[in-house]
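Colleague: The structure under discussion is supplied below as structure tokens; questions concerning it will follow.
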Amino acid sequence: MPAESPYPSIDIPNVGIWDLLFERKDRSFPDSQVIFQDASSSRSYTYGQVKQVATDFGKGLKGLWDWQRGDVLGVYSPNCIDTPAVTWAVHFAGGIVSPANPGYTVEELAFQLKDSGAKALITQVPQLKIALEAAKIAGIPDDRVILMGDQRAEAGRFKHFSSIRNTSGTQRYRRAKVDPDKDLAFLVYSSGTTGKPKGVMLSHRNIVANVLQMHHNETNISEKDSLLAFLPFFHIYGLTCIMHFAFYKGSRCVVMPKFDIEEWCRIVQDEKITFAYVVPPVVLLLSKHPAVDKYDLSSLRMMSSGAAPLTREIVEAAHKRTNLKVKQGYGLSETSPATHMQQWDDWQRHIGAVGQMLPNQTAKFMSPEETEVPVGEVGELWIKGPNIFKGYLNNPEGTANALTDDDYFKTGDVGYLDKEGNFYITDRVKELIKYKGFQVPPAELEGLLASNDKIDDVAVMGIYKEEIASEVPLAYVVPKKGVEASPQLEKEIMEWLAKKVASHKRLRGGVKFTDEIPKSASGKILRRMLKARYLEEEAK
Ligand code: 4UU
């Protein structure tokens, strides 16, 4: 029997994101509530200012570039307090946002812009050069590249979004109507269980549902809280769980463009941060980084960790040293993302669990033969609910592999459910590697490495490094005939790849040389076998 969420079902209104955030009747905080505050400057946005700026730029967009409902704006930027207003302006104008990692290379960004069909791109001055090159490849003209963040002189002919507005009250500039279940709000990129990154189609209803699902679990968070927003807004975790959720709650969000543990601790102390969404490597740093002792972190009531597994050892070590508490959440890009969250008092009672299922969802664990396994036994987690994505963009095959006819989504994660309704994630059947919570699709690296003229064949896998509480990518390489497998070749391959990919995809696990990559009769890399071989070699 599939498991139901232990929470009573909640009502998910049939509205778009704009209505959820800006037209709600039950708001308990004023327009003057400061929500997004820049960590390194005096800039901030109140709730009312976000709404005003989103409305102004939304109207501006409707008058630009023949903007149509369903058009896509690429966002290529580190965390910035303008991102929320820009995002919701796109929704005002009936469009879709496709956020990209600001560390992407020209090729990586161009791929996403092309694949998502982005009509225009917004970026910041430091990212402008790469943005322009990628836009060119994707066929986006220069005059559709606009800026946010600092308004600097060197921005030259590129318009700042805040100057794009339209005060006309005519019908043409009214807020676009959205069909919450059909119209997409975001195209985020995920490799899913296999292959290269794909556009994850998230509808307005997906995000509205997830904000409300989280709201029913996180009853301890309110407008009195201050959150530290260092997780990137381009990734679904920061996008929904921080940007949308904090805004819905009215919590002040101190926004950091780049993570640094000492700066993180300083902000917690100086800004009296009360809650933070984190990833396991940050919890590890709290347990051992020397700078941590210099700061008073006592305002922090709770942290919630996700995006990768968090071990008991790390939770206990961080608590012992700092007295901080950390609970867990779990989810995926395809689930908007939060499917499971621990309650606050679970942090110590059920260390290692990812929590109970949020409302309105059903889940089951499946055997490799796709039959349901009994409660308590290990299987692949399948989930159903209003937060499940609409499919992969222009990829019916990928979509059919991920979603069943009866609307279950196959997560590619392995785990079990205990008798009290706690879910545990213990493994992955999918190829995906996670470096500090960021996705590293092995197929993407394999494709690039295979084009190196010294490499005959290659397979990439993730290995866990305790020192950083994260997986790192490692490549097994078969050198071309006549090419010597040597430490120099390893270095050469690592450096060659580093130039082609964002920093989180580098081969931090190194290169191992081999005579052959184990493959199935149909040519699929036998990743389990390779991993077993790796572990065996390491144990020697
Ligand atoms: C073991 O990383 C995310 C979403 C993260 C997130 C975190 C806290 C969501 C809700 C929340 O409360 O999305 P993706 O698409 O980048 O990666 C999804 C994958 C999962 O399939 C799983 O393998 O990230 C891994 N993952 C976790 N693994 C996510 N959370 C966990 C977790 N434990 N707690």
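The values are calculated or read from the model by the stated rules, or taken from the named source; none is laboratory data. The shown structure was predicted, so the numbers you read here are calculated from the model rather than taken from an experiment. Methodologically, a virtual Cβ is constructed for each residue, glycine included, from the backbone with ideal geometry; neighbour enumeration extends over all protein chains shown. With ligands, DNA and RNA removed, areas are computed over all heavy atoms of the protein, side chains included. Shrake-Rupley method; radii C 1.70, N 1.55, O 1.52, S 1.80 Å.
Colleague: Just need a number here: residues in region 318-327 that are within 16 Å of the ligand (Cβ to nearest atom) and either assigned to a loop (DSSP other than H, G, I, E, B) or closer than 18 Å to Glu218 by Cβ (or both). Outline the logic, then answer.
Modeller: In the first step, residues of region 318-327 are kept if they are within 16 Å of the ligand (Cβ to nearest atom); the result is 318, 325-327.
Now restrict to residues that are either assigned to a loop (DSSP other than H, G, I, E, B) or closer than 18 Å to Glu218 by Cβ (or both): 325-327.
Within region 318-327, residues that are within 16 Å of the ligand (Cβ to nearest atom) and either assigned to a loop (DSSP other than H, G, I, E, B) or closer than 18 Å to Glu218 by Cβ (or both) number 3.
Colleague: Let me ask something additional. When you scan region 89-100, do you find a residue that is more than 18 Å from the chain's Cα centre (by Cα), on the phi < 0 side of the Ramachandran plot, open to solvent by 40 Å² or more (accessible area, probe 1.4 Å) and of a type outside the set (Val, Ile, Thr), even just one?
Modeller: Residues of region 89-100 that are more than 18 Å from the chain's Cα centre (by Cα), as a first pass: 89-95.
Then drop every residue that is not on the phi < 0 side of the Ramachandran plot, which leaves 89-93, 95.
With the extra rule that they be open to solvent by 40 Å² or more (accessible area, probe 1.4 Å), the set shrinks to none.
Within region 89-100 (the criterion being more than 18 Å from the chain's Cα centre (by Cα), on the phi < 0 side of the Ramachandran plot, open to solvent by 40 Å² or more (accessible area, probe 1.4 Å) and of a type outside the set (Val, Ile, Thr)), the answer is no, since none of the residues qualifies.
Colleague: Any residue in region 329-352 that is in contact (Cβ under 8 Å) with a residue 12 or more places away in the chain sitting within a Cβ distance under 8 Å of a residue that is basic (Lys, Arg) and open to solvent by 30 Å² or more (accessible area, probe 1.4 Å)? List the pairs, counting only those 6 or more apart or interchain.
Modeller: Sorted first by the residue in region 329-352, then by its partner, the pairs are Trp344/Lys325; Trp347/Lys325; Gln348/Lys325; Ile351/Arg312; Gly352/Arg312.
Colleague: I need the full set of residues from region 258-317 which are surrounded by 20 or more Cβ atoms within 10 Å (Cβ to Cβ), more than 12 Å from the ligand (Cβ to nearest atom) and assigned to a loop (DSSP other than H, G, I, E, B), in order please.
Modeller: Selection gives Ile273, Thr274, Leu300.
Colleague: For the subset of region 417-443 comprising residues that are within 13 Å of the ligand (Cβ to nearest atom) and farther than 27 Å from Leu497 by Cβ, which member is most open to solvent (accessible area, probe 1.4 Å)? Before you say what the answer is, go through the steps one by one.
Modeller: Just the residues of region 417-443 that are within 13 Å of the ligand (Cβ to nearest atom), to begin with: 422-441.
Now narrow it down to the ones that are farther than 27 Å from Leu497 by Cβ: 422-426.
Working: Asn422: 3, Phe423: 6, Tyr424: 41, Ile425: 48, Thr426: 82 Å².
Restricting to residues being within 13 Å of the ligand (Cβ to nearest atom) and farther than 27 Å from Leu497 by Cβ, the top hit is Thr426.
Colleague: Where residues in region 157-200 are assigned to a strand (DSSP E or B) and under 23 Å from Gln52 (Cβ atoms), which of them is most open to solvent (accessible area, probe 1.4 Å)?
Modeller: Step one: of region 157-200, the residues assigned to a strand (DSSP E or B) are 160, 184-190, 198-200.
After this cut, where a residue has to be under 23 Å from Gln52 (Cβ atoms) as well, the list is 160, 185-186.
Values: His160: 25, Ala185: 0, Phe186: 0 Å².
Taking the candidates together, the pick is His160.
Colleague: Can you find a residue in region 512-530 that is closer than 26 Å to Pro309 by Cα, in a loop (DSSP other than H, G, I, E, B) and open to solvent by 20 Å² or more (accessible area, probe 1.4 Å)?
Modeller: As a first pass, look at region 512-530 and keep what is closer than 26 Å to Pro309 by Cα: 512, 525-530.
Keeping just the survivors that are in a loop (DSSP other than H, G, I, E, B) gives 526.
Going one step further and asking which of them are open to solvent by 20 Å² or more (accessible area, probe 1.4 Å), we end up with 526.
Within region 512-530, one or more residues are closer than 26 Å to Pro309 by Cα, in a loop (DSSP other than H, G, I, E, B) and open to solvent by 20 Å² or more (accessible area, probe 1.4 Å).
Colleague: Only one residue in Lys364, Lys436 is charged (D, E, K, R) and touching an Asp or Glu at 6+ places or on another chain (Cβ under 7 Å), so which one is that?
Modeller: Values: Lys436 fails: touching an Asp or Glu at 6+ places or on another chain (Cβ under 7 Å).
Matching residue, one of Lys364, Lys436: Lys364.
Colleague: What residue, among those in region 338-353 that are open to solvent by less than 10 Å² (accessible area, probe 1.4 Å) and not small (Gly, Ala, Ser), is farthest from the ligand (Cβ to nearest atom)?
Modeller: So the first thing to find is which residues in region 338-353 are open to solvent by less than 10 Å² (accessible area, probe 1.4 Å), and the list is 338-342, 346, 353.
Still in the running and not small (Gly, Ala, Ser): 339-342, 346.
Numbers: Thr339: 7, His340: 7, Met341: 6, Gln342: 9, Asp346: 13 Å.
Filtering first and then ranking leaves Asp346.
Colleague: Let me ask something else about it. Among the residues of region 381-398, is any open to solvent by 10 Å² or more (accessible area, probe 1.4 Å), more than 11 Å from the ligand (Cβ to nearest atom) and without any contact (Cβ under 8 Å) to a residue 24 or more places away in the chain?
Modeller: Yes: region 381-398 contains one or more residues that are open to solvent by 10 Å² or more (accessible area, probe 1.4 Å), more than 11 Å from the ligand (Cβ to nearest atom) and without any contact (Cβ under 8 Å) to a residue 24 or more places away in the chain.
Colleague: One residue is enough: does region 48-64 have a residue meeting the conditions in a loop (DSSP other than H, G, I, E, B) and touching a helix residue (DSSP H, G or I) at 6+ places or on another chain (Cβ under 9 Å)?
Modeller: So in region 48-64, the residues in a loop (DSSP other than H, G, I, E, B) come out as 63-64.
Keeping just the survivors that are touching a helix residue (DSSP H, G or I) at 6+ places or on another chain (Cβ under 9 Å) gives 63-64.
Scanning region 48-64, I find at least one residue that is in a loop (DSSP other than H, G, I, E, B) and touching a helix residue (DSSP H, G or I) at 6+ places or on another chain (Cβ under 9 Å), so the answer is yes.
Colleague: If I ask for residues that are more than 11 Å from the ligand (Cβ to nearest atom) and in contact (Cβ under 8 Å) with a residue 24 or more places away in the chain, which ones from region 399-416 would you list? Reasoning before the result, please.
Modeller: Going residue by residue through region 399-416, those that are more than 11 Å from the ligand (Cβ to nearest atom) are 399-408, 416.
Passing the criteria: Asn401, Ala402, Tyr408, Tyr416.
Colleague: Between residues in region 524-540 that are more than 16 Å from Ala475 (Cβ to Cβ) and residues that are open to solvent by less than 60 Å² (accessible area, probe 1.4 Å) and assigned to a helix (DSSP H, G or I), which pairs lie under 9 Å by C-beta distance while being six or more apart or on different chains?
Modeller: Listed pairs, sorted by first residue: none to list.
Colleague: So, one more: State all residues of region 487-537 that are under 19 Å from Ala443 (Cβ atoms) and among the aromatic types (Phe, Trp, Tyr); if no residue qualifies, say none.
Modeller: Hits for region 487-537 are Trp496, Tyr534.
Colleague: Additional query: What about Ser503, is it surrounded by fewer than 17 Cβ atoms within 10 Å (Cβ to Cβ), within 31 Å of the chain's Cα centre (by Cα) and polar (S, T, N, Q)?
Modeller: Details: surrounded by fewer than 17 Cβ atoms within 10 Å (Cβ to Cβ): yes; within 31 Å of the chain's Cα centre (by Cα): yes; polar (S, T, N, Q): yes.
For Ser503, the condition - surrounded by fewer than 17 Cβ atoms within 10 Å (Cβ to Cβ), within 31 Å of the chain's Cα centre (by Cα) and polar (S, T, N, Q) - is met.
Colleague: Now for a different question. Across region 260-283, what is the number of residues that are under 19 Å from Pro232 (Cβ atoms) and in contact (Cβ under 8 Å) with a residue 12 or more places away in the chain? Let's see the steps before the verdict.
Modeller: Narrowing region 260-283 to residues under 19 Å from Pro232 (Cβ atoms): 260-261, 263-264, 267-268, 273, 275-283.
From what's left, in contact (Cβ under 8 Å) with a residue 12 or more places away in the chain: 261, 263-264, 267-268, 273, 275-283.
Final tally of qualifying residues: 15.
Colleague: Restricting to region 305-335, and then to whatever is under 22 Å from the mean Cα position of the chain (by Cα) and among the charged types (D, E, K, R), can you tell me which residue is nearest to Val282 (Cα to Cα)?
Modeller: Restricting to residues being under 22 Å from the mean Cα position of the chain (by Cα) and among the charged types (D, E, K, R), the top hit is Lys327.
Colleague: Quick check: is even one residue across region 5-14 surrounded by 15 or more Cβ atoms within 10 Å (Cβ to Cβ), in contact (Cβ under 8 Å) with a residue 40 or more places away in the chain and over 30 Å from Gly421 (Cα atoms)?
Modeller: Filtering region 5-14 for residues surrounded by 15 or more Cβ atoms within 10 Å (Cβ to Cβ) gives 5, 7, 10, 12.
In the following step, the residues that additionally are in contact (Cβ under 8 Å) with a residue 40 or more places away in the chain were identified as 5, 7, 10, 12.
Going one step further and asking which of them are over 30 Å from Gly421 (Cα atoms), we end up with none.
No - not one qualifying residue is present in region 5-14.
Colleague: Taking the conditions exactly as written (among the acidic types (Asp, Glu) and open to solvent by less than 10 Å² (accessible area, probe 1.4 Å)), does Glu334 satisfy them or not? Before the answer, list the steps.
Modeller: Working: among the acidic types (Asp, Glu): yes; open to solvent by less than 10 Å² (accessible area, probe 1.4 Å): yes.
The answer is yes for Glu334.
Colleague: A further question on this structure: Taking the residues in region 444-465 that are open to solvent by less than 50 Å² (accessible area, probe 1.4 Å) and within 15 Å of the ligand (Cβ to nearest atom) as candidates, determine which candidate is farthest from Asp515 (Cα to Cα).
Modeller: Taking the candidates together, the pick is Glu444.
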